[in-house]
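Asks: The structure's right below; bear with me while I get my questions together.
The values are calculated or read from the model by the stated rules, or taken from the named source; none is laboratory data. If you're wondering where the values come from, they're calculated on a predicted model, not measured in any experiment. Ideal geometry is used to build each Cβ from the backbone, glycine not excepted, and the neighbour counts take in all protein chains shown.
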């Protein structure tokens, strides 16, 4: 069977390790992988759902969150093009169901590699190294997240969240709360406090940063 060069090049452009696979492995990836276009806001997987395969994200992004029974979400990480989903990998390796939720943040194009082929590809040193290298990176990110949630006050985390995105942020209080794993009422109260101190100016779905230096001081308190 000949290779679909266009699809292979497209995949390798985002995931250079594909070019390092054997020709037979490349054929199997294209033959067994399932292409999917997912609209923004669509749920890709959820708690206690069986893991169907290993996703290669080529366009868009996937937000992975941990959900509480009361509906609150704690953002864990995002999967951008060229990256991998550690929870999908761990579910495949451990033969477990998902323990988080994945949501398409934008219109997303991905190639889903079935579990059987994922297992076979792990015999390829290039692919195995890729999976475990990103595994290590994600674990480090998650450890940092745990530290942020456990040891930093919400006002510190909110101040840090507002910085580095320019002077004008087009964002809702609910979106900020989701990013911080908090609730809108707490975030709104803190933002009003920041506004009263002259640090920000609030308007509908918009936050203007007036005093980034003071926000930076709040964000770095206790570090």
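Asks: Residues 68, 36: which one is more than 16 Å from the chain's Cα centre (by Cα), outside the structural domain of residue 181 (by TED's automatic domain parsing) and free of Cβ contacts under 8 Å to residues at least 24 places away in the same chain?
Replies: Values: 36 fails: free of Cβ contacts under 8 Å to residues at least 24 places away in the same chain.
After ruling out the rest, the residue left standing is 68.
Asks: Another question, then. With respect to residue 41, determine if the residue is modelled with pLDDT of 90 or more and at positive phi.
Replies: yes
Asks: Quick one: residue 168 ticks every box in (1) loosely packed, with under 13 Cβ neighbours inside 10 Å; (2) under 21 Å from residue 65 (Cβ atoms); (3) in contact with a strand residue (DSSP E or B) (Cβ under 8 Å, 6 or more places away or on another chain) bar one, so which box is it?
Replies: Residue 168 satisfies every listed condition except (2).
Asks: A further question follows. If the requirement is being under 16 Å from residue 120 (Cβ atoms) and in contact with a strand residue (DSSP E or B) (Cβ under 6 Å, 6 or more places away or on another chain), which of these qualifies: 54, 45?
Replies: 54
Asks: Separate question: Among the strands (runs of 3 or more DSSP E) lying completely within the range 14-106, list those that include at least 2 residues that are buried (at least 17 other Cβ atoms within 10 Å of the Cβ). Don't jump to the end; show me each part of the working.
Replies: Working: elements: 34-38, 43-45, 53-59, 62-67, 73-79, 101-104.
The strands (runs of 3 or more DSSP E) meeting that bar are 43-45, 53-59, 62-67, 73-79, 101-104.
Asks: From 113, 122, 169, grab the single residue that is over 19 Å from residue 15 (Cα atoms), touching a helix residue (DSSP H, G or I) at 6+ places or on another chain (Cβ under 7 Å) and at pLDDT 85 or above.
Replies: On inspection, the qualifying residue turns out to be 169.
Asks: Still on this model: What tally of residues in the range 68-95 results from selecting those that are closer than 19 Å to residue 132 by Cβ and touching a helix residue (DSSP H, G or I) at 6+ places or on another chain (Cβ under 7 Å)?
Replies: Within the range 68-95, residues that are closer than 19 Å to residue 132 by Cβ and touching a helix residue (DSSP H, G or I) at 6+ places or on another chain (Cβ under 7 Å) number 8.
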